[in-house]
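Visitor: The structure under discussion is supplied below as C-alpha cells; questions concerning it will follow.
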Amino acid sequence: MPRIFSWHHAAAVLRAWPAAVAVLGLIPGVLLIVAVWQVDSGGVSPVTGKWPTWDFTNLWAGGVLAASGKLPTLFDPGEYSRWLRTILDPRVDDHEWSYPPTMLLLGVPLARLPLVPAYVVWTFGTLGLLWLALRAGGMSWAACAAAIVSPATLNNAALGQNGALTAALLVGALLLIDKRPAVAGILMGLLTVKPHLGVLLPVCVVASRNWRALGAAALTALAMVIVTGLALGWDAWRLFFSITAPTMRAILEAPWPSGYQVNAVTVFLSVRALGAPVAAAYAVQGAVVLACAALAWRAWRLPNADPHARMALTVALTLAASPYGYSYDMLALTAGIAAVMALGSWRITALEALVWLWPGLAHFVTQNYFPLSPLAIAAAAWLAWRRFQAPALAPAGLAR
C-alpha cells in the first residue's frame, strides 16, 4: 500500500507555502478593484458611491484648476466639492485638497488627459518608477517582483493613491545615497511633495555625513518651491498654509473613529483609539519619534552596513515616526520587507509573510477590531535590524 504522507511531501508543502500565501494575499485586492470599477452610467461605483479613481481625482482636478487659472477654488473645500459635482457627477462626495502646491507640478500635465486614462497612466507609470528605483538600488528581479506584485500595490491602485511614487522616491534615495549621493538628494527633495515621509531623512544624511546628498536635497526642494510659485502664483503657498494645513490637522486630530482613520497606520491613531486625548497622543508619538531617530542614527553610523537592510529599517522607522500615514504609504514598507526576504535567501518566515500581507489586511483589522498597524511596522523594523546581524545570507538573496 503506498504511503499517503512522507517527510518528503511535507518538505515540498513547506517550500510551496510562501507562493500560496502570495496568491491568496492578492485575491482580496483583485476582487476589490474588480468590484470598484463596476461603474454605473455616471461613472460612480455602486460599491463606494465614488468615482473609482478615488484620491487620484484630487490630483487630476487640482491640475485642471491650476491649468485653467482657478486655483483658489481648489483651496476652498465647499466650492471645490461643488465644482467636482459639476464636472463629474452630482453624487460625488465632498473632497478636499491635501497636498503642498508642489504636487500640482504633477497634476497639471496629467490633467491634459481625461480622468480615467490619466489614472491609468499615473498608476502604472508610478509603479514603473518604483521598479526602476529598486533595480537601480541593486535589488534582484525576485525582490522587485515581491514589492510590485503585492497587496500594498493593489491597495494603492484601488485608492488611486501616490504610494508607488513616494515609495520610489524614499526607497530610491535610501538605496542610492552611497553610490549616487546627488541623485539620492534629488529624490529626497522631490519627496517634499509629502514631507512627513521624509521625517527621518535629515537624521540619516547627517549621521552618514553625506553632505553632497544633503545639498542636492535642499537645492531640489528650494527649486520646487520657486518653480511652483512662478508657474502657479505665490498665493498658492498662502492658501496652503492658511487652509490646507489646518484642514489636514483637523483630520489628523478628529475623534476616533471618523473619516479616513480606517486607513491610518500610525501610533498617534492607535493611542487615540484607546481613548487618549490629542495631547497624550502627541506625547506618545513624540517619544516614538525620538526612539526612531536614535535607531536611525545608529543604523546610519554603522560601518559597512548592508544598504538593503538599512533601507528596510529606515522605511519602517519612518512610518513609525510619522503621525500622519495611511495603508497606501506601506508600499515602501513592502519594498523593505522584500529586501529582507531576499537577504534571507527567500527562506520566508511567517512574520515576514504577515508583514508583506499586512497592507491588504490593515483596513479590515482597523475597521472591525483595532488599529494594529504600528505592530506590523515594528515587526518590519525588527526583521530588518536582524539582517544587520546576518551578512552571510546577503549574496544569494540579492544577486542580480
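Bear in mind that the values in this text are calculations on the coordinates, not laboratory data. Remember, it's a predicted structure, so these values are computed and weren't measured experimentally. Heads up, the Cβs are rebuilt from the backbone with ideal geometry, glycines too, and the neighbour counts pull from every protein chain shown.
Visitor: Which aspartates and glutamates, if any, have their Cα less than 19 Å from the Cα of Lys70, not counting same-chain residues under 8 positions apart?
Guide: Output for Lys70: Glu79, Asp94, Glu96, Asp235.
Visitor: Can you give the FRET efficiency for Ala280 and Tyr260, using 1/(1 + (r/R0)^6), R0 = 35 Å, r = Cβ-Cβ distance, to the nearest 0.05? Each step should come with its number before you reach the end.
Guide: Numbers: r = 21 Å, r/R0 = 0.60.
The formula returns an efficiency of 0.95 here.
Visitor: Run down the aspartates and glutamates and flag those whose C-alpha is under 19 Å from the C-alpha of Lys179, throwing out any fewer than 8 positions away in its chain.
Guide: Asp306
Visitor: Using the Cα centre as the reference, give the magnitude of the dipole from point charges on the C-beta atoms of the chain (Lys, Arg: +1; Asp, Glu: -1; all else neutral), rounded to the nearest 20 debye. List each step's numbers first, then the result.
Guide: Values: 24 positive and 14 negative charges, 242 e Å.
Computed about the Cα centre, the dipole is about 1160 debye.
Visitor: Nearest 0.05, what FRET efficiency do Ala223 and Ala20 give at R0 = 45 Å with Cβ-Cβ as r? The partial results should precede the final answer.
Guide: Values: r = 48 Å, r/R0 = 1.06.
Working from the Cβ atoms, E equals 0.40.
Visitor: Could I ask something else about it? Name the shape class, rounded, prolate or oblate, that the alpha-carbon gyration tensor gives for region 40-398, where a ≥ b ≥ c are the square roots of its eigenvalues, rounded holds for a/c under 1.5, and otherwise prolate holds if a/b is larger than b/c and oblate otherwise. Can you show the working numbers first?
Guide: Working: a/c = 1.57, a/b = 1.41, b/c = 1.11.
Prolate, because a/c is 1.5 or more and a/b exceeds b/c.
Visitor: Excluding Ala312 itself, what net charge comes from residues whose Cβ is under 12 Å from its Cβ, given Lys and Arg +1 and Asp and Glu -1?
Guide: Details: positive: Arg310, Arg386, Arg387; negative: Asp306, Glu352.
Around Ala312, the charge tally is +1.
Visitor: Give the separation of the Cα centroids, region 212-287 to region 173-188, in Å.
Guide: If you average the Cα positions of each part, the centres end up 24 Å apart.
Visitor: List, in order, the whole-Hz ³J(HN,Hα) value for each residue of region 77-92 obtained from phi through the Karplus relation with A = 6.51, B = -1.76, C = 1.60 and θ = phi - 60°; use x for Gly and Pro.
Guide: x, x, 5, 4, 5, 5, 4, 4, 5, 6, 8, 10, 6, x, 8, 4
Visitor: Still on this structure: Just to be sure I understand the model, the point goes 7 Å from the Cα along the line to the Cβ. What's the resulting Val120 to Asn304 distance in nm?
Guide: Inter-label distance under the simple model: 5.1 nm.
Visitor: Another question about this same structure. Using modelled amide H (1.01 Å from N, peptide plane; none on Pro or chain starts), what sits under 5 Å from the amide H of His95, excluding residues fewer than 5 places away?
Guide: It is Ser81, by chain and number.
Visitor: Amide H to amide H under 5 Å from Tyr326: which residues, 5+ apart in sequence or cross-chain, H placed 1.01 Å off N in plane?
Guide: Here Val265 satisfy the definition.
Visitor: Along region 283-297, what does the Karplus equation 6.51 cos²θ - 1.76 cosθ + 1.60 (θ = phi - 60°) give for ³J(HN,Hα), rounded to whole Hz, x for Gly and Pro?
Guide: 5, 5, 4, x, 5, 5, 4, 4, 5, 5, 5, 5, 5, 5, 4
Visitor: Now for a separate question. Taking θ = phi - 60°, what integer Hz values does the Karplus form 6.51 cos²θ - 1.76 cosθ + 1.60 yield along region 37-54, in sequence order, with x for Gly and Pro?
Guide: Once rounded to whole Hz, the list reads 7, 8, 9, 8, 5, x, x, 9, 7, x, 5, 10, x, 10, 5, x, 6, 6.
Visitor: If you don't mind, there's one more thing I want to ask. Put a dot 7 Å past each Cα toward the Cβ at Asp40 and Ser68; how far apart are the dots in nm?
Guide: The answer from the label model is 2.4 nm.
Visitor: Can you give the calculated 222 nm mean residue ellipticity of the chain, where each DSSP H run of n ≥ 4 adds -39,500 (n - 2.57) and the sum is split over every residue, rounded to the nearest 500 deg cm²/dmol? Please report the intermediate quantities before stating the final value.
Guide: Values: 21 runs with 268 residues, N = 400.
One gets -21000 deg cm²/dmol as the mean residue ellipticity at 222 nm.
Visitor: Report the extension gain between Ile251 and Trp211 in nm, rounded to one decimal, defined as 0.36 nm multiplied by the number of residues separating them, less their alpha carbon distance.
Guide: Values: separation 40, 0.36 × 40 = 14.40 nm, distance 3.61 nm.
Between Ile251 and Trp211, full extension yields 10.8 nm more.
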